[in-house]
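No lab work stands behind these numbers, since they all come straight from the coordinates. Quick caveat: nothing in here was measured; it's all calculated off a predicted structure. Note: ideal-geometry Cβ built from the backbone for every residue, glycine included; neighbour counts use all protein chains shown.
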Amino acid sequence: MALYPAAPSSSAMLAAARSSDEVLAFLGNRRSCPAPALHEPGPSKDELAELLRIAARIPDHRRLAPWRFVVFTGAARERAGQLFAKRHHELHSDASADNLARERRRFSCAPVIVAVISSPELAHKTPVWEQELSAGALCYNLLLAANAAGWAGNWLSGWMAFDERIAAGFGLDKDERVAGFVHLGTANELIKERPRPTVDHLISYWR
Ligand SMILES: Cc1cc2nc3c(=O)[nH]c(=O)nc-3n(C[C@H](O)[C@H](O)[C@H](O)COP(=O)(O)O)c2cc1C
């Protein structure tokens, strides 16, 4: 049984628009949660599987599904932290014990961390840029779906998202990249709004 709204059948006729003040208010007030403020509990394995199913309903040119997920929970988060500390030490031999401890703790707050992996088909006629944009859309859709299910979250990268050794350690192929680490859990406090860009000066109408 679906924990969250079930998937429509593949032949379902779906509304292309559905007005909802609630969704507009949700989007207009959404806020990420700083990673250190994320706590247990997080989504269960079944809940996460459904969140990922919902999150993957994103635009995807030519239906390549050019992404996949690597999930970190439980002790795997500590092992990831050990990998970060080891690599950090390789890159900075003078790293302090405090720095190494900070690297070790990177995945220790949120109970669930989803690495969204951009996994493009390089030779495909759909440009890699478009495939990567789809991975970015997936990160954000996962954050929104998780928020709507009551989980707090944050889309983060950090140096480890760009390091080849870490990528290899997480099982990425050479053409794959981390689009984001989406940290999910519970927030026990309200998060202060941050300054938002005004967009009026960013809008132009081409004539
Ligand atoms: C691709 C990407 C990577 C990010 N990486 C980091 C990061 O490593 N550290 C960080 O503090 N914020 C990072 N952010 C910003 C946070 O996700 C978040 O947007 C920010 O805290 C603002 O919160 P908001 O979602 O409420 O606007 C990243 C955002 C994006 C889109």
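Here 182, 178 are screened, and the one residue that is in contact with a Leu (Cβ under 7 Å, 6 or more places away or on another chain) and within 16 Å of the ligand (Cβ to nearest atom) is 182. Residue count for the range 118-138 satisfying the condition of being buried (at least 23 other Cβ atoms within 10 Å of the Cβ) and not polar (S, T, N, Q): 2.
Of all residues in the range 102-136, those that are of a type in the set (A, V, I, L, M), in a helix (DSSP H, G or I) and more than 11 Å from the ligand (Cβ to nearest atom) total 2.
Yes/no matrix, rows are residues, columns are (1) surrounded by fewer than 22 Cβ atoms within 10 Å (Cβ to Cβ); (2) more than 10 Å from the chain's Cα centre (by Cα); (3) under 30 Å from residue 5 (Cα atoms):
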{"position": "107", "(1), (2), (3)": "no, yes, yes"}
{"position": "140", "(1), (2), (3)": "yes, no, yes"}
{"position": "148", "(1), (2), (3)": "yes, yes, yes"}
{"position": "173", "(1), (2), (3)": "yes, yes, no"}
{"position": "196", "(1), (2), (3)": "yes, yes, no"}
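Filtered by the rule that a residue be more than 20 Å from residue 111 (Cβ to Cβ) and surrounded by 14 or more Cβ atoms within 10 Å (Cβ to Cβ), the range 69-90 gives 85, 86, 87, 88, 89. Taking each residue of the range 157-171 that is more than 11 Å from residue 106 (Cβ to Cβ) and among the polar types (S, T, N, Q) and looking for partners that are near the ligand (Cβ under 9 Å from one of its atoms) and not in a loop (DSSP other than H, G, I, E, B) with beta-carbon atoms closer than 9 Å, six or more apart or interchain, yields 157/179; 157/180; 157/181.
Every residue, every condition in (1) within 16 Å of the ligand (Cβ to nearest atom); (2) closer than 29 Å to residue 77 by Cβ; (3) in contact (Cβ under 8 Å) with a residue 24 or more places away in the chain, yes or no:
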| site | (1), (2), (3) |
| --- | --- |
| 2 | no, yes, yes |
| 7 | no, no, yes |
| 11 | no, no, no |
| 20 | no, no, no |
| 25 | yes, no, no |
| 29 | yes, no, no |
| 39 | no, yes, yes |
| 44 | no, yes, no |
